[in-house]
1. Considering lysine pairs in region 80-212 that are 8 or more places apart or on different chains, how many have Cα atoms under 25 Å apart?
2. Go through Val87, Val21 and list them by solvent-accessible area, largest first, probe radius 1.4 Å.
3. Please report the net charge: other residues with Cβ closer than 9 Å to the Cβ of Met246, K and R +1, D and E -1.
4. Over all directions, the average projected area of the alpha-carbon convex hull for region 49-135 comes to how many nm²?
5. Using a Gaussian network model on the chain with a 10 Å cutoff between Cα atoms, which of Asn268, Asn176, Asn278 fluctuates the most?
6. Please report, in cubic angstrom per residue, the volume enclosed by the convex hull of the alpha-carbon atoms of the chain.
7. Report the gain in length on full extension from Thr134 to Asp283: 0.36 nm times residue separation, minus Cα-Cα distance, nm rounded to one decimal.
8. Considering only DSSP beta bridges with both partners in the chain, what is the antiparallel share in %, to the nearest 5?
Amino acid sequence: MAKRSIQSYENRFIVGDCAEVLKGFPPKSVDLVLTSPPYADQRDYGTESSSISPDDYVKWFTPKARQIYRVLKDNGSFVLNISDKVVDGYQHLYVFELVTHLCKRVGYHLVRDYIWYNPATPPNVFSRGGFGRTKKSHEYCFWFAKGSEWTFNLDPIRRPYGKDMQKFLQGKGKGNRADNIRPSTHNFNCEKVWTDNGGSDPGTVIEIGNTNSNDVFSKLCKERGIAHPARFPEKLAEFFILAGTMEGDLVLDPFSGSGTTAVSAARNQRRWIGIDANPDYCDLAAARMEIELRGDRDDA
Ligand SMILES: C[S@@+](CC[C@H](N)C(=O)[O-])C[C@H]1O[C@@H](n2cnc3c(N)ncnc32)[C@H](O)[C@@H]1O
């Protein structure tokens, strides 16, 4: 397939199977791929991949993962949001099989596994206790690098310091500066322990409630009689976009759905590309982008 310039794909939602669409992209042209593909056996998106058996998931995803690898720059990253399911009484291992396969067979390096904790997860069949487990209130976000170096910005994702730490940095409250002991009583023997960095390292558990029933996209869905069953929150996309890219970088979501990744990228002055197999979702995502960015301009 003849390769077009990457600029000809930018800031658009493209309809198609992502593995096929990506074959037209030039190699090493994307800074960050951030995506949430359909999970095994879970939702109906009105596409051929509506129901991928957990046993076939690695085989289904591998051609897409290879194309993503090809289009990433050498210092680019791939963030994969995914969850598993219970099959025949036990949690299926396809997510862990996939991660192992991506690293051992496709060439990615696992940088960090993140947990997206959704405190708004509603009670479900597991909540009655009859299946020997709780409901699952988190999903995974696996951050992979293509090469030995990747963009990483800690400052924009820092969490505000807790009250004790704020006092400590002002030389008050708990902790002992002379002995290098923090309010938590930990002593890291770290030269920079006294520095106020503007916030703390957020760690690996990202807490964001997934409550978006009254937002721009939901209103568009109601108007047009279409539903998108599984979106992730914009704050989740923003966390990885701010950490993994610089302004002006290119962010790709090859399973773009309602366009959440693209909207967050545009809001944060990144270039973006969305691909989705369902043309209705691409139309809705484009309408959402237009409304949300117009709203931002009006508010400015
Ligand atoms: C979990 S949803 C993504 C939701 C998105 N993160 C959001 O916040 O709206 C997965 C999307 O993948 C799309 N899809 C399924 N198979 C695809 C394929 N082979 N290529 C591109 N998109 C596909 C579905 O139509 C669906 O919109």
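1. Step by step, the pairs that qualify in region 80-212 add up to 10.
2. From most accessible down to least: Val87, Val21.
3. Here the count lands on -2.
4. Average of the hull's projected areas for region 49-135 equals 7.2 nm².
5. Between Asn268, Asn176, Asn278, it is Asn176 that shows the largest mean-square fluctuation.
6. 174 Å³
7. 49.9 nm
8. 50 percent
The values are calculated or read from the model by the stated rules, or taken from the named source; none is laboratory data. All values reported here derive from a predicted model rather than from experimental measurement. Backbone-built Cβ (ideal geometry, glycine too); neighbour counts: all protein chains shown. Please note that ligands, DNA and RNA were not included when accessible areas were found on the heavy atoms of the full protein model with its side chains. Shrake-Rupley method; radii C 1.70, N 1.55, O 1.52, S 1.80 Å.
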